[in-house]
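A quick write-up on the structure given underneath.
The values are calculated or read from the model by the stated rules, or taken from the named source; none is laboratory data. Given the structure is predicted, the values throughout are model-derived calculations rather than measurements. Cβ atoms come from the backbone with ideal geometry, glycine included; neighbour counts cover every protein chain shown.
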6 protein chains.
Amino acid sequence: MRPSGRALNAMRPIIIETQVTRYAEGSCLIKCGETQVICTATVEERVPPFLKNSGKGWVTAEYGMLPRATHSRMRREAKNGQSGRTQEIQRLIGRSLRAGVDFQALGERQIQIDCDVIQADGGTRCASITGGWVALKLAVQKLMAAGLVKTDPILDHVAAVSCGIYAGQAVVDLDYAEDSEAGTDGNFVMTGRGKLIEVQASAEGATFARSELDALMDLAEAGVSELVEAQKAAVSA
Amino acid sequence: MRPSGRALNAMRPIIIETQVTRYAEGSCLIKCGETQVICTATVEERVPPFLKNSGKGWVTAEYGMLPRATHSRMRREAKNGQSGRTQEIQRLIGRSLRAGVDFQALGERQIQIDCDVIQADGGTRCASITGGWVALKLAVQKLMAAGLVKTDPILDHVAAVSCGIYAGQAVVDLDYAEDSEAGTDGNFVMTGRGKLIEVQASAEGATFARSELDALMDLAEAGVSELVEAQKAAVSA
Amino acid sequence: MRPSGRALNAMRPIIIETQVTRYAEGSCLIKCGETQVICTATVEERVPPFLKNSGKGWVTAEYGMLPRATHSRMRREAKNGQSGRTQEIQRLIGRSLRAGVDFQALGERQIQIDCDVIQADGGTRCASITGGWVALKLAVQKLMAAGLVKTDPILDHVAAVSCGIYAGQAVVDLDYAEDSEAGTDGNFVMTGRGKLIEVQASAEGATFARSELDALMDLAEAGVSELVEAQKAAVSA
Amino acid sequence: MRPSGRALNAMRPIIIETQVTRYAEGSCLIKCGETQVICTATVEERVPPFLKNSGKGWVTAEYGMLPRATHSRMRREAKNGQSGRTQEIQRLIGRSLRAGVDFQALGERQIQIDCDVIQADGGTRCASITGGWVALKLAVQKLMAAGLVKTDPILDHVAAVSCGIYAGQAVVDLDYAEDSEAGTDGNFVMTGRGKLIEVQASAEGATFARSELDALMDLAEAGVSELVEAQKAAVSA
Amino acid sequence: MRPSGRALNAMRPIIIETQVTRYAEGSCLIKCGETQVICTATVEERVPPFLKNSGKGWVTAEYGMLPRATHSRMRREAKNGQSGRTQEIQRLIGRSLRAGVDFQALGERQIQIDCDVIQADGGTRCASITGGWVALKLAVQKLMAAGLVKTDPILDHVAAVSCGIYAGQAVVDLDYAEDSEAGTDGNFVMTGRGKLIEVQASAEGATFARSELDALMDLAEAGVSELVEAQKAAVSA
Amino acid sequence: MRPSGRALNAMRPIIIETQVTRYAEGSCLIKCGETQVICTATVEERVPPFLKNSGKGWVTAEYGMLPRATHSRMRREAKNGQSGRTQEIQRLIGRSLRAGVDFQALGERQIQIDCDVIQADGGTRCASITGGWVALKLAVQKLMAAGLVKTDPILDHVAAVSCGIYAGQAVVDLDYAEDSEAGTDGNFVMTGRGKLIEVQASAEGATFARSELDALMDLAEAGVSELVEAQKAAVSA
C-alpha cells in the first residue's frame, strides 16, 4: 500500500559511511533510502560570546541542499539567502544535538555541524540529526584521543525519524512520495535510551487525534532504535 | 510554587478586545496575563501564484515584536531582518490557522494575519494563534455579511497554549519566568473539538519521558477549552 | 470646510497615557485624533563610538508602523527593510529630541526612543516627536530618582505639529484626508519656549509664497503650545 | 569673519558647464566653489507603475558621492547600501524638480536625474538641485527639438541654496568649514519667480528664533536669484 | 620536487563517475586527485529575457563549496552571500561552456549547470569546467534521445587545467600545496581540438616572462588532452 | 577598417591629468579616447587583519561607474549592490597594482585606490589600472616627501591595455564599438620592464588559436610601452 511497498513499520535501508572527507574532524555520508546527507563536524577553539570564560562548550549546526538535490531544481540559497524552512531545520538540528552533550566535559570549544543534502527523498532533517550525531561523536573521539577532552561529553545517542498518517494509516520513515501526500507529518528526536528530545507533529490538510499521535510515537520509538544501532556500528567501525 | 502563585493547571486571565483598529477587516488585542498581542486580518482580493485560477483562497501570517516589548530591548527587525525565530513563529501561525479553514468556501482571496506583540511575558506565539483566529473570524463575518462569501469557511476554532515541565512538574500557560527555567517546553495547537493541529515539545536542558508528554497534553486540552470559550465570547460580542 | 469639520486653527483631541508598558524606563501612548503611537524610552549604559570616554550621552530614535496601521496594508519592513521615508522620519525624531537635551548632564549613557505607530491618520512623525519627548522625560525622571543623574538634562519641551495649505487655506494638524490633498505640507518642531528646532515645508503640487509659510508658522506656534500643555499634564501625573 | 573671507551675503563662484558627457540626453558639471557635481538627465520611455496609461510623465532622482569626494574617504555605498542621508537627499532632489514640471506636457515618459558628487565642500544637495534642473532642461529641449514634446513642460527654474547661522550671524551658501560649525542650517528650494518649493531649517546644537529664519529666507531669496541667472546662461549657451 | 612527487608534466588521476544523482538530466562526480566536484545539468524550458523569442538557447552555471570542503572551514555562503571569488568562478564556468555550444541547435531552452565542491585540493574551477561539460553533454544526449533536439548542439569538448610556476619550474595541475606557493598561476580552458577559450594567468608575488607563459601553455595543451580523453570515456560509457 | 579609422596597432590618445581632487593623497583623471576614469589614492594608517603587526602594507582597489557613464543608463550599484562584473574588475585592479609594490618598504599602512568611470567607451578596467598606478605613485611620493616612507615601495610601472580579434584581425586598445563585436577579447597587465602581471584572454563567440594569442601579446607589449611613457610624464610633472 505504501508507494515503496514497505510495511507500515518498515524503515528504509540505513547506510552510514564514516570519514568521507579528508579534512573534517568527524564526518559521514548517511543514506536513508535515496536521501543522502554529508555531515561534517568542525572543532573550533572558540565559543559564542555568551559562553566566553564559562568553561563550557557549544554545538551548533547549519543545513543546506545542493540545488539539484531535489526533483525540480531549487534556487541556490547562496544567491538568495536562507529560506525560513532552512533556518527552522538548522535550529532543530543544533537544539537536538545539544540535548545529548555535557558542555562542561566538552570544555570551552565549539563543534560546528554541517549537514548538506546531496539527494533528497524525504526525511532530510531527520537524516541530518542522525548523521550529524555520528560526525559529532567522531570529532569528540578525536579530541579524546588527543587528550584534549578527558571525560566523554557525549551523554547518549541522538537520532530522529519522521512518522506520519499516510492514506489513513500510521507509517514510519516517510519518503517524498508519502511526505507530499501525508495528512499528518511528525518528526521525533530521541536519545539512545528512548527519552524524548523533540516532538513536532503537524496537521497537513487534516487535523489528527491524540490516539493517532500515540501511534506515531510507537512507530518512532522502534524506528529510532534501528537508527541508534546503525550509529553504534558506524562509530565503532 | 509557580512564580505567579498559580495552580499547576491554572491559565492566566484571558482578555480579548475586538475591533481595536479602524481599518482592519478584523482585529483584536489579546491579553494572556501580561502578554499582549495586536492581531489584524486584512482581506486581499488576490492569492499566491500557486493558487491562481484555482478558485481557492489562502491564509498567511506575519509576526513581529515592538523592540521594547521585552524586558531588555531587542534590535528592531526592520533594521536587521527577521530572525530565524520570527520566521519559525510566523510559519507556525499561518499553518495553524489554515488547518481550520475551507479554502473552497473562502473563494479566491487571501486573508493576511498580522500579529504584533506589544508586551511579551511568555506564550506570544500561542496568543498570536488564539488572537489571530479571532481576527480571521471577524474578517470572514464581514465578508459573509457583505455577501462575498456564502458558506462559512471557518471549520472550527483554532487556539494554542504552551505547557512545560517547570521545577519537575507539568504546568500550563508558562509566563516568562517559568519559560526561561523550564526543562521542557511545548506548544499545543488544537481545534474547538479537541483535535490536534500542531504539537511541538522540546527538551531544554533535560530530555523528557513519554509520560511527561502525556501530562502536558492533558493540561493543554483543558487550557485550549478555556481559550475557545474566550474566543466564542469575543466573536459573538 | 475641513473634512473633519474642525476650525482652521483647531487641533485634534490630544490624549497622552503614560507608562503603558511594563518594561520600558519611560513610555506613553499618544493619540492625536485617530493617530496612535506607542513611544518607549530605553536607557542603555553605553554610547555610540564617537562619544566613548567623552562624558556625554546621546538620544537616538527609531520609527515603525504596524503593517495594518494604515487604510491599506503596507508591507512589513522587517521583511523588506526600512524605506527611505522611514529612515528620514526616524532621523528627524532623533535630531529633534536631541535639540532639547544637555548631554553633559545626562552623562555617558544613551536613551533609545522607539516610536511605533499603531494607527495612522496623518501626522505620525509629529505625534512621535511629541510622545517621544514624554517617554524621554519619564525615563530621565527615573534616572534622577535613582540618583544616577544629578542635574535635569531636559532643557525644554520638544513638540511638533503639521500645518499645510488645504483647499487654499492654512490649517493646523492635518489628518490623512487633508494631508493627501494638501498643496503644501509642513512639519514644525518647537520648544516649550517657542524656539524653532526644525521647519520642513514642502510644496506638493503647488509652490507656496513666503506669506503662506508665515501663516503656517503662526498656526504651528499656537498648536505646539497646546501640545506642550498636554505634555506637562502627562509627565506630572 | 567667514573662513573663506566672503561677505555674509556672498555666494561662492558658480560655474555650470553643460553637456559634459557624451551619452546623457542632458548633463552638466556644476561647481559651487569647491563643490563639484556631475548631473545627468536620462529620458526613459516608461513611467512608474502608478502612472501607467495616465498620459503623465515623471521625474525622479538619485544621488551619490565618489568615496574620496570628501576630506576623509567615505565607504562606497555600492558595497554597503545607500545611507539614510543619501536616501533623504535624493528624495528631496526628486521632489524639488518635480515641483517645476507639467507632467501632462511631458507626456508618459520618465526623466531620471543622476547627481554624483565629485568633490564635496558643503552644499552638495543644493548644487545637485540647481545642476539637476539644468540637465533636466537640456534633456527637455532635446525632446522638443525632436518633436516628441510639443509644449514646454518646464514651468519655471528650480534652484536651491543653503543658509545658516554661523558664529551668530546669518550667512548664505555655507562651505564645509561653516556647515560643520553652524548652529542652524537650512536648505531653501525656490522657483525662478521666487516661490517656495521646500524649506528645511534645522537646529544643530542651538535652537533658533523665527526672526533668524526670516533672515535666512532673505539671504536665500537673493542667493537663488544668482543661481537662476547662472542657469539661464547655461541653458541658452 | 613537487610536494606530491609528481613529474612536472604529470596530471593527477582523473575519475569521472556519471549519473550520480537521481534527478538531474545530466550529472557527474569528477575527481582530480583529492579535489571532488558534483556537477549537475538541469534542463529548463525557459531562457533569460534577452533571448525570449529568439529561437536560441542558453547555458549558465553556478558554483559553490560545502563549508568544510576546505582544510579550515569556510563560512557558508547561504548565510553570507556569494563572495567575489565565487561569482568570478561561476561566470568563468558559464562563459567557458557556452563557447562550445550551438545555441540555435539547442533551441529556446536553458541548461543550468551546478558545480558543488565536496572536497577542495586545488583546481576546483578547472574541475568544475571539465565535469560541467560532462553533465551538459549527458543532458543534451537525453534531449536528443527524446527527440527534443535534432542536431547535436555540442560543438566540441571543453576542458580546463591549471598550470603555474612552482619553485621556479612550470608545472601542470597544481594541488593546494603548490597553488598556495606558486609565483604564477594560470587557468587554461580549451576545446577538444586544441583551440583556446580562456587564458587567465596571474602573477602571485612575482611577475612572469612571456617565455614562462609559453611553457605553461605547452603543459596546458597536453593536460587538456588527457582530460578530453577522460570526458570521452565518461560520456560514451 | 576599424570603426574609429585607427591602424590595427594604434592606441587612442592618452591624457592623464594629475591631482584632480582637493583631498586625495594622489589622484588623476585618465582619458583613453572617450573613456574617462577618476582614480584616487587614499592613505590609511591601518591594514587588513591578516597583516596586523607584520610590518607590511597593502594596496586594495574599488571600482565603480556613474550610472550614465554608458550609452544606456545602468542601474546604480549603491541601490542594487555590486555586480559580479564589478567585483571581478576591482579584484583585478588590486591584484595588478599589488604586483608592483614592495610592502615591506611601504610599511604597515594601506593605500586604497578608487577608480570611478565618468564615461565608458571600452577599456575601463585597463584605464583604471593605468590611472590607478599614477594615483598610487603620487600618494607614495607624498609619503616619501613627508619622510614617512624611506625606500620607494613602487618597484615598477604597472599598466594595462586590451587587445582583441576584431573582424578577424588583431587590434589594440578596443573601443566600445569594437569590444562589443570582438570575437576574442583580452586584457594584458604588464610592468614598465615588460614583464607580465596578468593575462586574461577570452573567446566571445569564437575560440582562438595560440598564434592569435601571440599576436595580441605583441600588440599589448607595444601598447603598454606607450602607456608607461604617459605615466612617466604624468608623475614627473
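Only one entry of E:GLU181, E:GLU204, E:GLU226, E:GLU212 meets the criterion of being away from every other protein chain (no Cβ under 14 Å), without any contact (Cβ under 8 Å) to a residue 60 or more places away in the chain and among the charged types (D, E, K, R), and that entry is E:GLU181.
As a summary of the residue check, C:GLN36 satisfies the conditions (1) part of a strand (DSSP E or B); (2) surrounded by fewer than 16 Cβ atoms within 10 Å (Cβ to Cβ) except for the one numbered (2).
Scanning the range E:183-211 for residues that are farther than 22 Å from F:ALA203 by Cα, crowded, with 22+ Cβ neighbours inside 10 Å and of a type outside the set (Val, Ile, Thr) gives a single hit, E:PHE208. Does D:GLY205 fit the bill of being small (Gly, Ala, Ser) and modelled with pLDDT of 95 or more? Against the criterion (small (Gly, Ala, Ser) and modelled with pLDDT of 95 or more), D:GLY205 does not qualify. What are the residues in the range E:57-81 that are touching a residue at least 12 places away in the same chain (Cβ under 8 Å), crowded, with 16+ Cβ neighbours inside 10 Å and not charged (D, E, K, R), if any? If the condition is that a residue be touching a residue at least 12 places away in the same chain (Cβ under 8 Å), crowded, with 16+ Cβ neighbours inside 10 Å and not charged (D, E, K, R), then E:GLY57, E:TRP58, E:VAL59, E:THR60, E:ALA61, E:TYR63, E:GLY64, E:MET65, E:LEU66, E:ALA69, E:THR70 are the ones that fit. Taken over the range C:222-237, residues that are touching a helix residue (DSSP H, G or I) at 6+ places or on another chain (Cβ under 8 Å) and either assigned to a loop (DSSP other than H, G, I, E, B) or closer than 25 Å to D:GLU204 by Cβ (or both) amount to 2.
Of the residues making up the range C:185-199, those that are under 17 Å from D:LEU196 (Cβ atoms) and at pLDDT 95 or above are C:GLY186, C:ASN187, C:PHE188, C:LEU196, C:GLU198, C:VAL199. In this structure, C:VAL134 qualifies as touching a Gly at 6+ places or on another chain (Cβ under 8 Å) and surrounded by 24 or more Cβ atoms within 10 Å (Cβ to Cβ).
Looking at the range E:21-33, can you tell me whether even one residue there is modelled with pLDDT under 95, charged (D, E, K, R) and part of a loop (DSSP other than H, G, I, E, B)? Looking through the range E:21-33, at least one residue is modelled with pLDDT under 95, charged (D, E, K, R) and part of a loop (DSSP other than H, G, I, E, B). Here F:THR60 meets the list (1) at pLDDT 95 or above; (2) at positive phi almost entirely, failing just condition (2). Tell me, please, whether a residue that is within 17 Å of the chain's Cα centre (by Cα), over 25 Å from C:LYS232 (Cβ atoms) and at pLDDT 95 or above can be found in the range C:35-47. No, there is no match, as no residue in the range C:35-47 is within 17 Å of the chain's Cα centre (by Cα), over 25 Å from C:LYS232 (Cβ atoms) and at pLDDT 95 or above. Helices (runs of 4 or more DSSP H) fully within the range A:41-157 that include at least 3 residues being within 14 Å of chain E (Cβ to nearest Cβ): A:77-80, A:84-98, A:124-145.
In the range B:7-26, of all residues being away from chain C (no Cβ under 14 Å) and out of contact with any Asp or Glu (no Cβ under 9 Å at 6 or more places or on another chain), the one that is nearest to B:ALA222 (Cα to Cα) corresponds to B:LEU8.
For A:VAL172, the conditions (1) within 8 Å of chain B (Cβ to nearest Cβ); (2) surrounded by 16 or more Cβ atoms within 10 Å (Cβ to Cβ); (3) in contact with a Leu (Cβ under 9 Å, 6 or more places away or on another chain); (4) under 23 Å from B:SER211 (Cβ atoms) are fulfilled apart from (1). Filter the range C:3-20 for residues that are charged (D, E, K, R) and part of a loop (DSSP other than H, G, I, E, B) and give the result. Hits for the range C:3-20 are C:ARG6, C:ARG12.
The set of residues from the range A:78-134 being closer than 15 Å to A:TYR63 by Cα, under 11 Å from the mean Cα position of the chain (by Cα) and hydrophobic (A, V, I, L, M, F, W, C) comprises A:ILE89, A:LEU92, A:ILE93, A:LEU97, A:ILE113, A:CYS115, A:CYS126, A:ALA127, A:ILE129, A:TRP133. Taking the range F:215-237 as the range and being under 18 Å from E:PHE208 (Cα atoms) and of a type in the set (Ser, Thr, Tyr) as the test, only F:SER225 passes.
Exactly one residue among E:ARG76, E:ARG95, E:ARG109 is touching a strand residue (DSSP E or B) at 6+ places or on another chain (Cβ under 8 Å), modelled with pLDDT of 95 or more and closer than 25 Å to A:CYS115 by Cβ, and that residue is E:ARG76.
Results for (1) of a type in the set (A, V, I, L, M, F, W, C); (2) surrounded by 22 or more Cβ atoms within 10 Å (Cβ to Cβ); (3) without any contact (Cβ under 8 Å) to a residue 40 or more places away in the chain, shown as yes or no for each residue.
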position: A:GLU45; (1), (2), (3): no, no, no
position: A:LEU51; (1), (2), (3): yes, no, no
position: A:THR86; (1), (2), (3): no, no, yes
position: A:GLN110; (1), (2), (3): no, no, no
position: A:ALA127; (1), (2), (3): yes, yes, no
